[in-house]
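Working notes, beginning with the structure itself.
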Amino acid sequence: MICVLDPLSDSRWDEFLERHPRASVFHSRGWLEALKRTYGYEPLVLTTTAQGPLENGLAFCRVSTWASRRLVSLPFSDHCDALVDRPDDLSAMLRFLAEEMEQGRWRSLELRPRHVELTGLAQGASYYLHTLDLARPADQIFDGFHHSSTQRAIRRAEREGLGYEAGRSEPLLSSLYRLLRLTRRRHGLPPQPLAWFTNLVACVRDGLTIHVASKDGVAIAAILTLTFKKTVIYKYGGSDAERHALGGMPFLFWRAIQEAQSRGMVEFDLGRSDLDQPGLIAFKDHLGATRSTLTYYRRPERRARPARDGLLSRAARWVVGHLPDAALDLTGRLLYRHLG
């Protein structure tokens, strides 16, 4: 029998995550609470455990908007494994979901596993995932950086005397958001709502850190990392393109790596990259990270998009890239709830 529980109110969920080796920050109460506060998504977990300590769990959010009615595991998460060890239990959960869809409760279903392969579902989008092994001496990690780009950039940043600050304060969040907006604008995309980051800070708490590099007191690069158990995850970042030559981003990642090692972390998850982002992929490759492929699964199978969608997308990006800041932020607030 499949049971449905609320991970925000069922205390067994936190205890289960501490026990399960594939649990990540994206399964955590803090991440789920931030999703609910910001976008109104309702989290749920499928399990075969009716009573007592949980033996398994498959986490989702209900994404119900005027445009869609979907189950996603999980919105805005790079990956979210099914925490189910027995194939029979996972098959039962997938059958339960198929029946829910056949009865018209949901129009689509998407799962984003990192390690678990799923059968009976169509393959959806694919991405690259980069991870860095931190269980090595720091000098070996540095030696693994690309010599002419990453290592040289870090040394340039140190010569330039870039400042560094890490924490969760409002000034740091403000710097991150300003730089994130600059970066998203360069890509012709709106930034995520400021409320999303405010809620992440409030809900994830000690598991979240904002790292900021500055020159002469002005922030030039910033990244946001999440920590869960022995893993640090890079989730968001932004920079001032006019100051890229100062090496702010490589400098920040190097400092974040050093801090993670000092806290006993064993893996730095550099997050997913779209396959058509060669610059971002190269940046992560140059950090000496291991590249693997993330494949999402969905039901029903996504139909191929007409060729004209590419032209519309480019036109939309041009428009977004020229919006005033206030209009750009408003676009993000209106758009992202439908994209989870």
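Every number here is computed from the coordinates shown, using simple stated rules; none is lab data. On a predicted model such as this, the values are computed, not experimentally measured, just so you know. With ideal geometry, Cβ positions are generated from the backbone for all residues, glycine too; neighbour counts draw on all protein chains shown.
Numbers for the structure displayed
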| item | result |
| --- | --- |
| Rounded if a/c under 1.5, otherwise prolate or oblate - the stretch 129-294, Cα gyration tensor axes | rounded |
| Under the Karplus curve 6.51 cos²θ - 1.76 cosθ + 1.60, θ = phi - 60°, whole-Hz ³J(HN,Hα) for the stretch 93-110, x wherever Gly or Pro sits | 5, 5, 5, 4, 5, 4, 5, 4, 6, 5, 7, x, 6, 9, 8, 8, 9, 9 |
| Within the chain: Cβ-based charge dipole about Cα centre, in debye rounded to nearest 20 (Lys, Arg +1; Asp, Glu -1) | 1040 |
| Mean Cβ neighbour count within 10 Å, used as a protection proxy, ranking 44-54, 1-11 highest first | 44-54, 1-11 |
| Pairwise Lys count, the chain - Cα closer than 25 Å, eight or more residues apart or different chains | 7 |
| Relative contact order for the chain, counting Cα pairs under 8 Å that sit 6 or more residues apart, in percent | 23 |
| Percent of Cα pairs exceeding the 17 Å cut-off, where the set is the stretch 3-120 | 53 |
| Gain on full stretching of the segment that runs from Glu55 to Gln103 - 0.36 nm per residue minus C-alpha separation | 14.5 nm |
| Residues with amide H under 5 Å from that of Gly271, placed H, sequence gap 5 or more | His130, Tyr234 |
| Contour minus Cα-Cα distance for Leu330 and Asp88 (0.36 nm per residue) | 82.6 nm |
| Cα Rg, Dmax, the chain, angstrom units | 20.5, 63 |
| Ala195/Ser11 FRET efficiency (R0 35 Å; Cβ-Cβ; nearest 0.05) | 0.80 |
| Cα gyration tensor shape for the stretch 49-189, rounded if a/c is under 1.5, else prolate or oblate | prolate |
| Ellipticity estimate at 222 nm from DSSP helix runs (n ≥ 4, -39,500 (n - 2.57)) divided over the chain, nearest 500 | -11000 deg cm²/dmol |
| Residue-count net charge about Ala34 - beta-carbon cut-off 12 Å; Lys, Arg +1, Asp, Glu -1 | +4 |
| Over the stretch 125-207 - Rg/Rh using Cα atoms and the Kirkwood inverse-distance radius | 1.03 |
| J(HN,Hα) series, the stretch 192-205, from Karplus relation 6.51 cos²θ - 1.76 cosθ + 1.60, nearest Hz, glycine and proline x | 4, x, 4, 4, 4, 6, 4, 6, 4, 4, 6, 8, 7, 6 |
